[in-house]
1. Give the distance, in whole Å, between the Cα centre of region 1-61 and the Cα centre of region 70-143.
2. State, to one decimal in nm², a quarter of the convex hull surface area for the C-alpha atoms of region 47-101, i.e. the direction-averaged projected area.
3. Starting from the Cα-Cα distance between residue 134 and residue 47, subtract it from 0.36 nm times their residue separation and give me the gain in nm to one decimal.
4. Measure nothing but the geometry: give the 0 to 90° angle between the long axis through the Cα atoms of 91-104 and the longest principal axis through the Cα atoms of the chain, rounded to 10°.
5. Nearest 500 deg cm²/dmol is fine: what mean residue ellipticity at 222 nm does the chain get from its DSSP H runs of n ≥ 4 alone, each adding -39,500 (n - 2.57), divided by its residue count?
6. Before anything else, pin down the relative contact order of region 20-143: Cα pairs under 8 Å, at least 6 apart, normalised by residue count, whole percent.
7. Mind listing the Cα extents of the chain along all three principal axes, in Å, largest one first?
8. Compute log10 of I(q)/I(0) for region 67-143 with the Debye formula, placing one identical point scatterer on every Cα and leaving out solvent, at q = 0.20 Å⁻¹, to two decimals.
């Protein structure tokens, strides 16, 4: 059964994909390989996971203004997440998404959700994001 969550768009846009969920903040600078889409921070719980084409669900960014450049480079390389869902606003990620849209005409929506809604999204759920921040969650199929 689908669930609907109302998020607040920081960067509006439509996107869809499988959820890649982390409970830990991540700095894209030193944490994401922009050319492969791999999380490379070896201390991070999702180290080795690929964000490309997924809806990356994590609490917030963690430092470094250069994270915006990593997001821009990942958009250019075609390895960026389809969208980002956070608990807290990260102006650095928002800046990266704005610049990527201006340079490459590719939007990476960034949506803020409540803690309750954040916890409702599970690894592998299929998420559809509307420009108004509506997130449709389709639970992953049990095998």
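1. Centre-to-centre (Cα) distance: 7 Å.
2. Details: hull surface 14.5 nm².
Result: a mean projected hull area of 3.6 nm².
3. Working: separation 87, 0.36 × 87 = 31.32 nm, distance 2.88 nm.
Taking 0.36 nm per residue and subtracting the Cα distance, the gain is 28.4 nm.
4. Tilt of helix 91-104: around 80 degrees.
5. Numbers: 3 runs with 31 residues, N = 143.
So the helix-based figure for the chain works out to -6500 deg cm²/dmol.
6. Averaging sequence separation for qualifying contacts and normalising by length gives 22 percent for region 20-143.
7. 39, 31, 24
8. -0.92
Laboratory data are not the source of any read-out in this text; all were calculated from the coordinates shown. Every value quoted in this text rests on a predicted model; they were computed, and no experiment measured them.
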